[in-house]
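For reference, the structure is listed below as C-alpha cells.
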Amino acid sequence: MRKLFIAAFMFVSIFGTKVMADIKMGIILGFTGPIESLTPAMAASAELAFKEASDSGSLLGGKKIEPVRADSTCVDSAAATAAAEGLISGDVAAIMGADCSGVTGAIATNVAVPNGVVMISPSATSPGLTTLDDKGYFFRTAPSDARGGQILADITKDRKVKSVAITYTNNDYGKGLADVYKAAVEAHGIKVTTVTAHEDGKADYSSEVATLASAGGDAVAVIGYLDQGGKGIIQASLDSGAFDRFILSDGMIGQSLVDAFGKDLSKSFGSLPGSTGKGAGIFADVAKAGGVEASGPYTGESYDAAALIVLAMQAGNSADRASIAKNVMDVANAPGTKIYPGELKKGLDLLAKGKKINYEGATGVTFTSVGEAEGSFLEQEIKGGKFKTKKQR
C-alpha cells in the first residue's frame, strides 16, 4: 500500500510539474556583429512583454514564459541557422526574431517553417521577405523597405538634396533597400551619381569612398550597419573630406554612431520604422518602469512581436506551435478591444472570455494579408548629441 501511495504521489507530482512548466520562448538577435549595439535593448523589450504576460497570472491559467536567447550574428546565415536549430531542439514554442533580413530569411526557410515554428521579426525589412513561402509561420512587426525606401527618398527631396551617391552593404537588406531608394529619388528628380556595394568587416574603406567621391554628390546615402561597414564609410569620408552629409538607413541609426562622430553628423538625417502615436508614449513609460531603454531602433517592434506571440497563445488556449500561427493575425488586427503596452493582462483576460482584441501595441500594429506591418516611419536628425525625431511619416 505504501509503495502504491508513493507511486501515485510521484505521478501526481510529475504530472503537476509538467502542467505548470515554463513555456520556452526563443529570442534570436545579433548579439554579436554589425548591429550588436542595438540588440540588447531589443531583447530586453521582448523580455519585458514576456515578463508582463508571465506576471499577469492570466496566461493559459497561470503559465510562465522562460525566454531563451540565441545569437543570429545578423550576417552569418550558417551560424544563425545553427543557433535557431538549437532553440527549436530546446522546444521553444515560438521565436521573437530574427533581426537582419538575410539571416531571418535563412532561419525561416531552413529551420522555422519546416518545423512549424512561428517567427515574428521586429526588424527584418527586405522586400524579398514579403513573398517568402512561409506557410503562415513568418510575421514581422517592421514594415518592408519597399515603403521605407520611398519614405527615405521623400525626406531626401524635402531636405533639398539635388544629387546623391549611394553605397549599400552587400546583402539582401542593403541591395533591396538601395534599389527602392534609387528608383524613388530619381522619380523625385534627384540625380544618382553612383550606386556601389561595400563589404562589412573591413578595416579600411578609403577605396570605396574614393569611388563615391569621384562620382560626386551633395550627400552620400549609407545603407548599411552602424557598427560595421556603414560606420567605416562615414569615417573614411570624414577623414578624406569627401562628404560631410550622410543620408542614413534604419540600420545606421543608433546612439553609438553619434557617440563616434559627434558634431560631424550635424548635417545628416535618416529614417527608421516607428510611431509617435498613443502606443509609443505608453510604451516609453512602461519600458522606463521596467528598466528598459526604449528610445533605440526597433525596441517597440520587439515588445510588440513578443506580445503578439503570447496573445496568440491565449487566443488558441494553447502553446502549441500550430495554434500560435493560426491566431497571430486575429489578435493583431481589428475588430476587437484595442490593447496597448502594459495592458497584456487585460488582453489575456478578454481572450480567456472568448472576446476579440485588436493589439495596437507600441507601434500601432496592423498586419497586411501576408502578416507584415503596414507601419509608419520616423524622420531622424541629430540634435544635441542624439538622434531626434523630427516627425512621423
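The values are calculated or read from the model by the stated rules, or taken from the named source; none is laboratory data. Small disclaimer: the values here were computed from a predicted structure and weren't measured. Virtual Cβ from ideal backbone geometry, glycine too; neighbours counted across all protein chains shown.
Inside the range 44-66, can you point out the residues that are part of a helix (DSSP H, G or I) and either under 24 Å from the mean Cα position of the chain (by Cα) or of a type in the set (Ser, Thr, Tyr) (or both)?
Ala44, Ser45, Ala46, Glu47, Leu48, Ala49, Phe50, Lys51, Glu52, Ala53, Ser54, Ser56
If only one of Ala41, Ala78 is in contact (Cβ under 8 Å) with a residue 60 or more places away in the chain, of a type outside the set (D, E, K, R) and either within 19 Å of Ser295 (Cα to Cα) or in a helix (DSSP H, G or I) (or both), which one is it?
Matching residue, one of Ala41, Ala78: Ala41.
Quick check on my filter: what residues within the range 373-393 are of a type in the set (Val, Ile, Thr) and within 27 Å of Ile120 (Cα to Cα)?
Listed by number, the list holds a single entry, Thr389.
In the range 267-293, how many residues are closer than 14 Å to Thr389 by Cα and loosely packed, with under 14 Cβ neighbours inside 10 Å?
Qualifying residue count for the region: 1.
Quick one: Thr109 ticks every box in (1) in contact (Cβ under 8 Å) with a residue 40 or more places away in the chain; (2) part of a helix (DSSP H, G or I) bar one, so which box is it?
It is condition (1) that Thr109 fails.
Residue by residue, here is whether (1) touching a residue at least 12 places away in the same chain (Cβ under 8 Å); (2) surrounded by 16 or more Cβ atoms within 10 Å (Cβ to Cβ); (3) more than 18 Å from Cys74 (Cα to Cα) holds:
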site: Lys191; (1), (2), (3): yes, no, yes
site: Asp204; (1), (2), (3): yes, no, yes
site: Gly216; (1), (2), (3): yes, no, yes
site: Ala219; (1), (2), (3): yes, yes, yes
site: Ile223; (1), (2), (3): yes, yes, no
site: Leu226; (1), (2), (3): yes, yes, no
site: Gly230; (1), (2), (3): yes, yes, no
site: Phe246; (1), (2), (3): yes, yes, yes
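Can Gly354 be described as assigned to a loop (DSSP other than H, G, I, E, B) and free of Cβ contacts under 8 Å to residues at least 12 places away in the same chain?
yes
Val180: of a type in the set (A, V, I, L, M) and over 26 Å from Thr39 (Cβ atoms), yes or no?
When the stated conditions are applied, Val180 does not pass them.
If Leu38 satisfies all but one of (1) surrounded by fewer than 24 Cβ atoms within 10 Å (Cβ to Cβ); (2) at pLDDT 95 or above, what's the number of the condition it fails?
Result: Leu38 passes all but (1).
Checking the structure you have, find out if any residue of the range 338-346 is touching a strand residue (DSSP E or B) at 6+ places or on another chain (Cβ under 7 Å) and part of a helix (DSSP H, G or I).
Checked against the condition, which is being touching a strand residue (DSSP E or B) at 6+ places or on another chain (Cβ under 7 Å) and part of a helix (DSSP H, G or I), the range 338-346 yields at least one hit.
Can you confirm whether the range 315-328 contains a residue that is under 14 Å from Ile357 (Cβ atoms) and within 19 Å of the chain's Cα centre (by Cα)?
Among the residues of the range 315-328, at least one is under 14 Å from Ile357 (Cβ atoms) and within 19 Å of the chain's Cα centre (by Cα), which makes the answer yes.
From the residues in the range 131-148 that are of a type in the set (A, V, I, L, M) and in a loop (DSSP other than H, G, I, E, B), which one is farthest from Ala307 (Cα to Cα)?
Taking the candidates together, the pick is Leu132.
Mind listing whichever residues of the range 112-130 are assigned to a helix (DSSP H, G or I), closer than 17 Å to Ala305 by Cα and of a type in the set (Gly, Ala, Ser)?
Ala112
Restricting the first residue to the range 258-270 and requiring it to be without any contact (Cβ under 8 Å) to a residue 40 or more places away in the chain, which pairs with a second residue that is assigned to a helix (DSSP H, G or I) and surrounded by 17 or more Cβ atoms within 10 Å (Cβ to Cβ) meet a Cβ separation below 9 Å and a spacing of at least six or different chains?
From the range 258-270, the pairs are Ala260/Lys231; Ala260/Ile234; Ala260/Gln235; Phe261/Lys231; Phe261/Ile234; Phe261/Gln235; Asp264/Ile234.
For the range 122-132, check the following and say yes or no: at least one residue is in contact with a Cys (Cβ under 8 Å, 6 or more places away or on another chain), closer than 30 Å to Asp218 by Cα and either not β-branched (Val, Ile, Thr) or not assigned by TED's automatic domain parsing to the domain that holds Asn110 (or both).
yes
For the range 327-340, which residues satisfy the criterion of being in contact with a Gly (Cβ under 6 Å, 6 or more places away or on another chain) and not polar (S, T, N, Q)?
Result: Ile339, Tyr340.
If a residue has to be within 30 Å of Ala106 (Cβ to Cβ) and either assigned to a helix (DSSP H, G or I) or modelled with pLDDT of 95 or more (or both) to count, how many in the range 11-32 make the cut?
10
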